[in-house]
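Trainee: Mind looking over this structure? Questions follow.
The values are calculated or read from the model by the stated rules, or taken from the named source; none is laboratory data. Quick caveat, the model's predicted, so the values are computed rather than measured. A quick note on method: Cβ atoms are made from the backbone with ideal geometry, for glycine too, and the neighbour counts reach across all protein chains shown. For accessibility, only protein heavy atoms count, side chains too; no ligands or nucleic acids. Shrake-Rupley method; radii C 1.70, N 1.55, O 1.52, S 1.80 Å.
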Amino acid sequence: MKDLDPALDALEHGRVVAAATDTLMGLLVAFDDADALRRLAEVKARPKSMAVALIAADAEMAFTVLRASTSAEAWAKHWPGPVTLVGSPVRDLDERLMVHGKVGVRVPRPCDARLLAKHLGRCVTATSANVHGEPPVASSAELSVNLVRRVTAGDGVVLSGAGPGGEPSALVDVETGRVIRAGHGIS
């Protein structure tokens, strides 16, 4: 079994981790650590207007962030899997996690990112492991030198591994029922 301790330690101390999700490689930090979210923004070099979605270990954890509703619970039947539900948060969240007052969260199929969220005991970010403008990648071997430097410069961790690749998760607004981004059989 893979040793996740260095990555878990990095997350607990506000550092960025590059790890496999059930789709692509992702950049993870604890969702409730403002300094870690700032570091993530620096590594990613992404516009502030683009929210960062979250990964939860299970539906119970997801609904500590996303307001439960009949619609959200119905869509959650697609979990575990690459479906991000977007809706009102349960509590105040960092603006980097929000767009138009909404947060996105998903419970992926078994992967390193999900295990890390489980062991950390809270959600982690789920943005693709690339500097803004670079293509997303499925494996740690494909990460750009630029991104690896940015992650490790802040004592972050790059876990070796791979997601299956393909398209990113589908995005569904549970309040309107609108599919924001199609994918994985959801259109």
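Trainee: On average, how much accessible surface per residue is there in the chain, in Å², for a 1.4 Å probe, leaving out ligands, DNA and RNA?
Mentor: 46 Å²
Trainee: When DSSP beta bridges are limited to those with both residues in the chain, what percentage is antiparallel, rounded to the nearest 5?
Mentor: Percentage antiparallel, nearest 5: 70.
Trainee: First check a/c for the stretch 1-151, with a ≥ b ≥ c the square roots of the eigenvalues of its C-alpha gyration tensor; if it is under 1.5, answer rounded, and if not, answer prolate when a/b is larger than b/c or oblate otherwise.
Mentor: Cα axes put the stretch 1-151 in the prolate bin.
Trainee: Once the dipole of the chain is set up with Lys and Arg at +1 and Asp and Glu at -1 on Cβ about the Cα centre, which of 90, 113, 13 lies farthest towards its positive end?
Mentor: With unit charges placed on the Cβ atoms, the residue in question is 90.
Trainee: Find which of 36, 49, 62 sits farthest along the positive direction of the dipole of the stretch 30-82, computed with +1 on the beta-carbon of Lys and Arg, -1 on that of Asp and Glu, about the Cα centre.
Mentor: It is 49, whose Cα lies furthest towards the positive end.
Trainee: For residue 42 and residue 187, compute 0.36 nm times the residue count separating them, minus their Cα-Cα distance, and round to one decimal in nm.
Mentor: Full extension from residue 42 to residue 187 adds 48.9 nm.
Trainee: Relative contact order (percent) for the chain, with alpha-carbon contacts under 8 angstrom and 6 or more residues of separation?
Mentor: For the chain, the relative contact order is 33 percent.
Trainee: I would also like to ask the following. Relative contact order, percent, of the stretch 4-76 when contacts are C-alpha pairs under 8 Å separated by at least 6 residues?
Mentor: Rounded, it is 17 percent for the stretch 4-76.
Trainee: On a straight-distance basis, which lysines could pair with residue 2 in a cross-link, Cα separation under 23 angstrom, same-chain partners fewer than 8 positions away excluded?
Mentor: Leaving aside lysines fewer than 8 places away in the same chain, those within reach of residue 2 are 118.
Trainee: Ordering 48, 102, 2 by accessible area with a probe of 1.4 Å, largest first, what comes out?
Mentor: Sorted by accessible area, descending: 48, 2, 102.
Trainee: Ignoring ligands and nucleic acids, what accessible area does residue 5 show with a 1.4 Å probe (Å², nearest 10)?
Mentor: Approximately 100 Å² of residue 5 is accessible to the 1.4 Å probe.
Trainee: Note down the nm distance, to one decimal, between modelled labels 7 Å out along Cα→Cβ at residue 162 and at residue 49.
Mentor: Distance between label points: 3.6 nm.
Trainee: Ignoring ligands, DNA and RNA, what percent of the 1.4 Å accessible area of the chain is carbon and sulfur?
Mentor: Carbon and sulfur together cover 51 percent of it.
Trainee: What percent do you get for the relative contact order of the stretch 83-168 when only Cα pairs under 8 Å and 6+ apart count?
Mentor: Computed over the stretch 83-168, the figure is 19 percent.
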